[in-house]
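This report refers to the structure that appears directly beneath it.
Coordinate-derived values only; no laboratory data. It should be emphasised that the depicted structure is a prediction, and the values quoted were computed from it without experimental measurement. Because the Cβ atoms are built from the backbone with ideal geometry, glycine has one as well, and the counts that use them run over all protein chains shown.
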Amino acid sequence: MNPKIQALKKKISNIDWILKGTLLKQYKQCGKNNCHCRQDKKYWHGPYCIWTRKEKGKTITKTLNQNQIQMLKKAFKNMKEFDQLVEKWKMLSLLHLEKIKPRKD
C-alpha cells in the first residue's frame, strides 16, 4: 500500500462528526396579534440559528440551540477536511493509474 494513501486513511479515520448544509441567523414574527413584531420589523424575535440541508431532494430546516450550533460548526469544518483528504486520495490514485504500463499479451 502506498504510504501517502495510508497517511490519508489515518487522518480520515480520526475525523468524527461530518455534516453539510447552511447555517443561518433568522428573525421571525410570532403568532400573537398584539405583539410589537406585527407593527415593525425591528421588533421581530431572534436571532434564531437555522440549519438547512438537502435530504433525498428535499430541503430540511432545523432550529438549533447553542450546543447544537457548536457541534454543527465542528462537523462543517470536519466535512471540509474530509472532502480535501478524499480529493488528495483521488489524485494519488490517478497518478498511480498513469504509471501503470499496459500489459503485453
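Once Lys and Arg get +1 and Asp and Glu get -1 on their Cβ, which of Leu97, Leu19, Cys49 lies farthest toward the positive end of the dipole of the range 3-98? Result: Cys49, furthest along the dipole toward the positive end. Here Arg53 and Ile100 are evaluated by their C-beta separation; at R0 = 30 Å the FRET efficiency comes out at 0.15. Stretching Lys80 away from Leu24 to a fully extended chain increases their span by 18.3 nm, per 0.36 nm per residue minus the current alpha-carbon distance. Of the beta bridges in the chain, as assigned by DSSP with both residues counted there, near 100 percent are antiparallel.
Looking at this model, which pairs from Lys9/Lys101; Lys54/Lys99; Lys28/Lys58; Lys4/Lys25; Lys58/Lys80 are more than 30 angstrom apart at the alpha-carbon? Over 30 Å Cα-Cα: Lys54/Lys99; Lys4/Lys25. Hey, got a sec? Which trypsin sites (Lys or Arg not before Pro) in the range 1-97 land in a DSSP loop and have at most 16 other Cβ atoms within 10 Å? Answer by residue number: Lys20, Lys32, Lys56. Of all the options Trp89, Trp17, Trp44, the one that moves most in a Gaussian network model of the chain with Cα springs shorter than 10 angstrom is Trp44. As a ratio to 2.2 N^0.38 Å, the alpha-carbon radius of gyration computed for the range 3-98 takes the value 1.65. For the chain, the longest principal axis of the alpha carbon atoms and the long axis of helix 3-13 meet at an angle near 20°. Gain on full extension, evaluated as 0.36 nm per residue between Cys35 and Gln68 minus their Cα-Cα distance, stands at 9.0 nm.
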